[in-house]
Amino acid sequence: QGAHIIVTPEDGIYGWRFTRESIYPYLEDIPDPVVNWIPCTDPSRFGPAPVQERLSCMARNNSIYVVANIGDKKPCDSSDPSCPRDGRYQYNTDVVFDTRGKLVARYHKYNLFQGEGQFDYPKEPEAVTFETPFGKFGIFTCFDILFYEPAVVLVNKMQVDTVLFPTAWMNVLPFLTAVQFHSAWAMGMRVNVLAANTHNTSMAMTGSGIYAPAGARTYSYNMKTEDGHLLIAELDAHPRLSPAAPPAVSWNSYALSVERFSQNDHEFTGIIFEDPFTFTELTKPEGNLTVCQKNLCCHLTYNMVEKRDDEVYVLGAFDGLHVIEGQYYLQICSMLKCPSTNLSTCGQPVETAQTKFEMFSLSGTFGTSYIFPEVLYSRVQLAPGEFEVM
């Protein structure tokens, strides 16, 4: 179909149910790309490398860049105080082969997710980039996207055009489904993101997409079947320079300039992913609301087509340290639907909604420039082209 580059998912080749010992036979020595190596034509230069050889030949025989996630092994000894007892480092590793089958990039995942005990943490985060005839690319893996290094560094300091993102992403509503967060990251960072997710519905892993700064070019979300889905789209090679590029945004200037909207007495606390949010209910079919927590104030202007009796919406704010499955400081403004009309359920996952909004405008007095605007429709669908950042 004429694609220039194909990205495959994290754990896509081996799977992930491994111990340190049981994954070892699958690992290969993956050299630094400076060695100028085409495994397809010289497979045993660095010891047995059947996986790299096959990936390299796929790239070479089809004249296409191939991106895959495999495992690297590096021997070490007692002269290195952090050398594991078994005398080797094992890394969750992304590799990229160019159209000639040459190894052009190797990235060791820096932010391992819990349960990846078969792999070691690299000593330093790596900012891995490579140049192509169609833009400058950076690469990182799954959980990395929630941290400053290496994800933000690649965009802000290395100025990549496109991020390659193998992932095995477990969806967590309301804020962290794959298609929702990855599309928002592309928009917030103003780069293309090619996100290839493992598809395994029993672990709530689904949702791949090709995302541009202005929205998804194509995506797939399917929790009903085990069928995978190939996505193809055309992207601007240099999205920040393209005429379609959204302008750079001062994220908090609007929110800081408006007076607090109507103060109400009906604020209550709800829990989302163990973070305590301050909520207030949207009691009228239209209105202006503000809710604050610590330094964050969230302003909402909205207009429902009609106010339904069987659906409750809230405006919520959270400003604090998130400590579940990793630690990071978050500021979140959200308008979301509660699973039932009982306010104690607000913040729990919900997948469907019937209320239609004529419009809404959400803003926050964020203390950071790293803002990721998410819009998720009923049945976990994105809304490309339906909203804009101003």
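The values are calculated or read from the model by the stated rules, or taken from the named source; none is laboratory data. Computed from a prediction, not measured in an experiment: that's the story for all the values here. Because the Cβ atoms are built from the backbone with ideal geometry, glycine has one as well, and the counts that use them run over all protein chains shown. Ligands, DNA and RNA are excluded from the accessible area calculation, which covers all protein heavy atoms including side chains. Shrake-Rupley method; radii C 1.70, N 1.55, O 1.52, S 1.80 Å.
If R0 is 45 Å, what FRET efficiency do you get for Y370 and S44 from their C-beta distance, rounded to 0.05?
Calculated value: 0.50.
In nm, what is the difference between 0.36 nm times the number of residues separating L330 and R100 and their Cα-Cα distance? Please list the in-between numbers first.
Numbers: separation 230, 0.36 × 230 = 82.80 nm, distance 4.33 nm.
Full extension from L330 to R100 adds 78.5 nm.
Hey, got a sec? Which trypsin sites (Lys or Arg not before Pro) in the stretch 1-98 land in a DSSP loop and have at most 10 other Cβ atoms within 10 Å?
Listed in order of number, the matching sites are R17, R85.
Which residues in the stretch 288-323 have a backbone N closer than 12 Å to a point placed 7 Å from the Cα of H266 along the Cα-to-Cβ line?
312-315
Can you pull the one-decimal nm distance between simple spin-label points at L231 and V35, each 7 Å off the Cα toward Cβ?
Placing both labels 7 Å along Cα→Cβ, they lie 3.4 nm apart.
Give me the dipole magnitude in Debye, nearest 20, for the stretch 252-370 about the Cα centre, with unit charges on the beta carbon: positive for Lys and Arg, negative for Asp and Glu.
240
Answer rounded, prolate or oblate for the stretch 252-370, using the Cα gyration tensor with square roots of eigenvalues a ≥ b ≥ c: rounded when a/c is under 1.5, else prolate when a/b is larger than b/c, else oblate.
oblate
Select from L146, L164, G209 the residue farthest towards the positive end of the dipole of the stretch 5-241; place +1 on Cβ of Lys and Arg, -1 on Cβ of Asp and Glu, and compute about the Cα centre.
Going by the Cα projections, it comes out as G209.
Need the full-extension length gain, E259 to V389, defined as separation in residues times 0.36 nm minus the C-alpha distance. One decimal, nm. Write down the numbers at each step before the final one.
On the way: separation 130, 0.36 × 130 = 46.80 nm, distance 2.03 nm.
Full extension from E259 to V389 adds 44.8 nm.
What residues from the stretch 104-127 fall in the zone where the backbone N is under 14 Å from a label point 7 Å along the Cα-to-C-beta line of R88?
118-120
Could you tell me which Cys residues in the chain have no other cysteine's Cβ under 4.7 Å from their own Cβ, answering none if every one has a partner?
That list is C142.
Name the trypsin sites (Lys or Arg not before Pro) in the stretch 98-199 that are in a loop by DSSP and that have at most 13 other C-beta atoms within 10 Å, would you?
Of the trypsin sites (Lys or Arg not before Pro), the ones in loops of the stretch 98-199 whose Cβ has at most 13 other Cβ atoms within 10 Å are R100, K123, K157.
Under the 0.36 nm per residue contour assumption, what length would be gained going from the current alpha-carbon distance of N342 and A248 to full extension?
Details: separation 94, 0.36 × 94 = 33.84 nm, distance 4.01 nm.
Gain on stretching N342 to A248: 29.8 nm.
Kirkwood Rh over Cα pairs of the chain into Stokes-Einstein at 10 °C, 1.306 mPa s: D in µm²/s?
The diffusion coefficient I find is 71 µm²/s.
Go ahead and run the numbers for FRET between F134 and M158, Cβ-Cβ distance against an R0 of 22 Å, rounding to 0.05.
0.85
In deg cm²/dmol and to the nearest 500, what is the mean residue ellipticity at 222 nm of the chain if only DSSP H runs of at least 4 residues count, each as -39500 (n - 2.57), divided by the residue total?
Result for the chain: -2500 deg cm²/dmol, rounded to the nearest 500.
Shape verdict for the stretch 270-322, please, from the Cα gyration tensor: rounded (a/c under 1.5), prolate (a/b greater than b/c) or oblate.
oblate
Past the 20 Å Cα-Cα mark, which pairs from K73/K109; K73/K136; K157/K294; K74/K109?
Violating the 20 Å limit, Cα to Cα: K73/K136; K157/K294.
For the chain, with the dipole built from +1 on Lys and Arg beta-carbon atoms and -1 on Asp and Glu ones, taken about the Cα centre, which of F360, Q1, Y329 lies farthest toward the positive end?
Q1
Taking all protein chains as present, what is the carbon and sulfur share of the accessible area of the chain, in % to the nearest whole number, probe 1.4 Å?
Its accessible area is 51 percent carbon and sulfur atoms.
With a probe of 1.4 Å, find how much accessible area the chain has per residue, and write the answer as a whole number in Å².
So the chain comes to 48 Å² accessible per residue, rounded to a whole number.
Of the candidates E281, E311, E259, which one comes out as most mobile in a Gaussian network treatment of the chain with C-alpha springs shorter than 10 Å?
It is E259.
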